[in-house]
Amino acid sequence: MTYEIALPITGMMSGRPFDEVVELNRSLTRAVNEAGYRHHDILYTLLFLTCDFLPALRLTPLGLLDAKSSEVLLPSARPE
């Protein structure tokens, strides 16, 4: 399953009207719940996955990063 919300403003914000973004967030929540995600808020999980200063595996623009060793384990790929 793939779900995408475009965040063209620095990769963190949408330029869409607020009510549209709220509905996109609700759709994301429904999609991840249907896929088996049972935690309170997917956005917090995604936020912490990108915090490269925390020790563990992190998602960065470079790819999957082992934050302890600073080694990129799986480089990101550009969409074709």
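Annotations
- Placed amide H near Thr50: partners under 5 Å, 5+ positions off or other chain: Leu59
- Mean Cα-pair separation over length for the chain, i.e. relative contact order, pairs under 8 Å, 6 or more apart, %: 13 percent
- Förster radius 30 Å - calculated FRET efficiency between Glu20 and Leu57 (Cβ-Cβ, nearest 0.05): 0.40
Where a number appears in this text, it was derived from the coordinates with a stated rule and is not lab data. Quick caveat, the model's predicted, so the values are computed rather than measured. Heads up, the Cβs are rebuilt from the backbone with ideal geometry, glycines too, and the neighbour counts pull from every protein chain shown.
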